[in-house]
Amino acid sequence: MNSLNLVLYLSAYLLAAVPFGFILAKVFAGVDVRKEGSGNIGATNVLRVLKEKAPHLAKKLTIITFALDATKGAIIVLIAMALGAEPAVLWTIAVLSVLGHCFSPFLGFEGGKGVATGFGVLLVLLPIPSLIAIATWLIAGKVLKISSLSSLIGLIALIISAYMMYPTLPGIHAHAPMMIIAFIIFYKHIPNITRLIKREETKVV
């Protein structure tokens, strides 16, 4: 591991660890989303909480949160690509970005569920499967109105389409990094999955 790679890895983790949903809701609405709704710092909980606490800001801050969470995942990957980093380095950055968002040192190693940040890195590395996933997520969200279930369905669509398009991921000859990202996202959704099984998961209207 050379020093440039180390800088990229550390930058990816720390940038992705910045809890934009928490910061935006706290600064602009005076609300700590960790203590409201599901307690999550992601866009869905920002929307859920601000619809009650600051409805005039809810949609705007939700969109900004999702965009920033996706961008913070993609930006270091894009920088590394511009610097000529090898695929293995890019995928390591991708995994570290999702880890940073989900286990942020700025929040006591708590964090979001990794959907937006995962989408950001995968859109760069696997653009077509990611677009299929986002389309699936949007359709599922429109029909089911359950954010967690829609996200998981979108993730499954990404995995299936990636395996169909790429028997092995270009440059690394394995699907392991993608599956690690998927595992992290599924792991962070375990409470949601439990509520889904019990039919207690709330809808986002």
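Of the residues 131, 8, the one with the fewest other Cβ atoms within 10 Å heads the list, and the complete ranking is 131, 8.
Which order do the peptides 29-38, 63-72 come out in when sorted by mean C-beta neighbours inside 10 angstrom, highest first?
63-72, 29-38
Applying 0.36 nm per residue to the separation of residue 193 and residue 79 and subtracting their alpha-carbon distance, the gain on full extension is 37.5 nm. For segment 1-113, the number of Lys pairs with C-alpha atoms closer than 18 Å, counting only pairs eight or more positions apart or on separate chains, is 11. Helix-only arithmetic for the chain: the sum of -39500 (n - 2.57) across DSSP H runs with n ≥ 4, divided by the residue total, places the mean residue ellipticity at 222 nm at -23500 deg cm²/dmol. Normalising the average separation of contacting C-alpha pairs (under 8 angstrom, six or more residues apart) by the number of residues puts the relative contact order of the chain at 21 percent. For segment 1-30 versus segment 147-187, the inter-centroid distance based on Cα atoms is 23 Å. Each of 48, 195 has some number of other Cβ atoms within 10 Å of its Cβ, and from fewest to most they run 195, 48. The fraction of all Cα pairs in segment 3-197 landing in successive 10 Å bins from 0 to the largest distance is 10, 37, 36, 15, 2, given as whole percents.
FYI, it's all coordinate maths here, none of it is from the lab. The structure presented is a predicted model; accordingly, all values stated were derived computationally and were not measured. Glycine gets a Cβ as well: all are built from the backbone with ideal geometry, and neighbour counts include every protein chain shown.
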